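Please treat every number below as a calculation from the coordinates, not as lab data. Please read these numbers as outputs of a predicted model, since none were measured by experiment. Virtual Cβ from ideal backbone geometry, glycine too; neighbours counted across all protein chains shown.
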Amino acid sequence: MKYKFFAIPARNPDGAEDSLNSFCSQHRISFVEKHLVADGVNSFWSICVTWLEGEEAPSASSQKKPTVDYKQVLSEEDFALYLELRNLRKELADSHSVPPYALFTNEQLAIMVQQRINSKAALQTVPGVGKSRVEKYGDVFLRKLCEFWVRDLSANKDETHPDQS
């Protein structure tokens with residue numbers, strides 16, 4: 001573990017601030033301690049950065065999960081339901097002025113479809129879905145899931161057992 005010290009002038013921080021930001025973006029930082037040294041017009045921030053030697057800062061791309069193409073992962077019928085759930089999520093998110101992922105992530109929607117979720121208890125078994133989201137949004141998503149499966153079941157029943165009229 002190594003230390004790097006910075007003094008950032010309170011009145012004109014730009015150059016020293018850039019130096020600190022550049023250093024932090026290039027190193028794996030483990031801790032930052034800062035104190036304001038009040039000295040009138042000479043006031044400054046005293047900053048001690050603790051960093052790990054030999055380790056670069058993690059890049060943004062290394063922290064992201066790989067993108068999943070759910071059209072490839074899900075069956076044609078499941079993908080149709082997945083799209084309906086995404087549209088429902090978008091409408092609800094817009095009406096509550098929140099981002100869509102605040103309701104459910106794409107991965108969570110896909111799990112709902114794949115596992116044929118049909119109850120609040122089952123919905124809470126989806127990773128990352130807690131009681132609060134189930135209480136807020138569970139009923140409307142469960143209604144959509146059940147409507148789709150009833151529709152799908154009826155369509156499949158008609159195909160396999162045509163009426164003998």
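Tabulated data for the structure shown
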| quantity | calculated |
| --- | --- |
| For peptides 66-76, 87-97, sequence by mean Cβ density within 10 Å, most packed first | 87-97, 66-76 |
| Rg and Dmax of the stretch 65-158, Cα atoms only, in Å | 13.1, 41 |
| Only Lys, Arg (+1) and Asp, Glu (-1) charged, at Cβ; the stretch 23-136 dipole about Cα centre in debye | 400 |
| Net lengthening on full extension, residue 106/residue 1 (0.36 nm per residue, minus Cα-Cα) | 33.9 nm |
| Residue 114-residue 140 FRET efficiency (beta carbon distance; Förster radius 22 Å; 0.05 resolution) | 0.65 |
| Nearest-0.05 FRET efficiency for residue 124 and residue 30, computed from C-beta distance (R0 30 Å) | 0.25 |
